[in-house]
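**Q** Got a structure here, written out as structure tokens. Questions coming.
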Amino acid sequence: MMPTKVSIIVPVYNKQQYVARCISSILGQSYKEFELIIVNDGSTDDSKKICESFADERIRLIDTENGGVSRARNHALDVADGEFVLFVDSDDWVEKDYLEHLMRDADSKSFDMMIFGLTRVYQNGSKKRVEMPDWSEEQFYSQYMYLQDVLSVGITGFVCNKLIRQSFINLYTIRFDPNVRMAEDVNFYLDVLQHNPRVVTSRECGYYYLQEADNSSFFQRNVDFFALMSIWKKCYMMLDRKGYGNVDNRQRLYQKIFELYDAHFLEESNLDKGKIQKDLKRMHELSDSLPLFWATVKPTNILLKMIKVKSSIGVYTYLSLRRLYHIVRWHHQ
């Protein structure tokens with residue numbers, strides 16, 4: 001019996017400092033039946049040259065103009081021919097028995113998507129295992145947001161800790177949305193989950209995820225908070241359709257959306273009363289489409305209280321006073 005082939009997809013954009021380590025760790029796998037699809041997304045540093053320096057028949061290097069990580073991954077998905085698909089980011093790396101452990105689990109379980117853990121690596125060199133509990137599919141959905149927010153923070157949305165059956169994503173033509181510029185991985189997996197895949201879990205943590213401060217959307221400017229709100233609404237709708245819109249999932253998701261309202265206004269650089277009023281209207285339209293939203297969320301500060309009662313004057317006044325406070329404080333430093 002021939003071993004199962006895996007398509008490993010690595011998008012690369014200006015990662016000359018890391019990409020050699022990433023590729024070497026994949027080529028050094030004890031499990032040999034895989035193809036490595038590298039998509040150079042228009043890198044302007046030496047990333048492409050470094051990728052070309054590896055001579056291995058399992059490598060397929062695709063060179064494209066810069067179009068973003070979603071388009072890069074889609075290019076690879078269009079040509080992948082493994083039974084399973086696995087994503088690796090070009091600044092990360094994997095243990096040599098990583099694939100062997102995953103495929104051992106794959107041989108013993110029937111699934112469309114297997115979710116496993118990873119190991120966070122911090123800039124000071126410290127490491128932290130983020131494990132996936134050994135759960136049934138019912139436990140996974142019923143405690144989805146507890147898993148995401150508390151037990152294994154961020155794990156349901158990571159692009160790199162899922163082994164997906166290629167025939168499943170091709171059956172439903174599931175691809176990354178190039179128009180989603182943030183949390184595109186969360187959005188992709190919500191598209192997978194809404195088609196009712198068979199889901200299993202694994203405790204494997206042989207993926208090393210480089211944790212850098214600028215990876216977080218909340219440390220970036222020009223964040224489209226409304227897009228993030230829509231993605232988390234989509235998450236609730238997916239869970240609700242499956243019968244898992246329970247109190248805990250609902251409370252955690254609604255509070256997450258509500259706090260994005262707060263973040264949106266705090267990041268707003270232009271204090272315009274008309275825009276504030278329009279933004280509040282959009283927020284309440286989104287919230288009103290979710291059952292029991294306003295009965296569920298709990299304001300944790302003055303701004304959220306103003307948002308909940310839809311007071312554009314209150315929001316404007318709060319933001320104006322906050323801005324004045326920071327100006328005065330800056331002048332007295």
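**Q** Of the labelled options (1) 24.8; (2) 21.7; (3) 22.6, which one gives Kirkwood radius over Cα pairs in Å as computed for this structure?
**A** Calculated Kirkwood radius over Cα pairs in Å: the matching label is (2).
**Q** Using a 1.4 Å probe over the heavy atoms of the protein chains, calculate the carbon and sulfur portion of the accessible area of the chain as a whole percent.
**A** Carbon and sulfur together cover 49 percent of it.
**Q** So what is the accessible area of region 78-205 per residue, in Å², with the probe set to 1.4 Å?
**A** 41
**Q** Using the charge dipole of the chain (Lys, Arg: +1 at Cβ; Asp, Glu: -1 at Cβ; taken about the Cα centre), state which of Ser287, Phe34, Gly274 has its Cα farthest towards the positive end.
**A** Gly274
**Q** Where only protein heavy atoms count, and the probe is 1.4 Å, what is the accessible area per residue for region 226-279 in Å²?
**A** 44
**Q** In the structure displayed, which of Lys233/Lys310; Lys32/Lys128; Lys15/Lys256; Lys234/Lys281; Lys234/Lys310 lie more than 26 Å apart, Cα to Cα?
**A** From Lys233/Lys310; Lys32/Lys128; Lys15/Lys256; Lys234/Lys281; Lys234/Lys310, over 26 Å: Lys32/Lys128; Lys15/Lys256.
**Q** With θ taken as phi - 60° and the coefficients 6.51, -1.76 and 1.60, list the Karplus ³J(HN,Hα) couplings across region 29-40 in order, rounded to whole Hz; mark glycine and proline as x.
**A** 5, 5, 8, 9, 8, 8, 10, 10, 9, 9, 10, 7
**Q** I need the Debye-formula profile for region 234-305: one equal scatterer per C-alpha, no solvent, reported as log10 I(q)/I(0) at q = 0.11, 0.14, 0.16, 0.18 1/Å, two decimals.
**A** Here log10 of I(q) over I(0) equals -0.30, -0.48, -0.60, -0.74.
**Q** Per-residue accessible area for Arg60 at 1.4 Å probe radius, Å² rounded to 10?
**A** Result for Arg60: roughly 90 Å² accessible.
**Q** Hey, another quick one. Nearest 10 degrees, 0 to 90: what angle lies between the long axis of helix 273-288 and the longest principal axis of the chain (Cα atoms)?
**A** 60
**Q** Mind listing which GluC sites (Glu not before Pro) in region 1-60 are in a DSSP loop and have 13 or fewer other Cβ atoms within 10 Å?
**A** When the GluC sites (Glu not before Pro) of region 1-60 are filtered for loop state and at most 13 Cβ neighbours within 10 Å, Glu57 remain.
**Q** Enter the Cα centre distance for the pair region 1-62 and region 270-333, rounded to the nearest angstrom.
**A** 46
**Q** Residue by residue through region 83-94, which ³J(HN,Hα) values in whole Hz follow from phi under the Karplus form 6.51 cos²θ - 1.76 cosθ + 1.60 (θ = phi - 60°), with glycine and proline marked x?
**A** Using θ = phi - 60°, the values come out as 6, 10, 10, 9, 9, 10, 7, 6, 9, 9, 8, 10 Hz.
**Q** Taking the chain as the reference, fit the longest principal axis to its C-alpha atoms, fit the long axis of helix 98-108 to the helix C-alpha atoms, and give the angle between the two in degrees, 0 to 90, nearest 10.
**A** 90
The values are calculated or read from the model by the stated rules, or taken from the named source; none is laboratory data. Note that the coordinates shown come from a computational prediction; the quantities given were computed from them, not determined experimentally. Every residue, glycine as well, gets a Cβ built from its backbone with ideal geometry; the counts of neighbours run over all protein chains shown. Remember, those area values only see protein heavy atoms, side chains included, never the ligands or the DNA or RNA. Shrake-Rupley method; radii C 1.70, N 1.55, O 1.52, S 1.80 Å.
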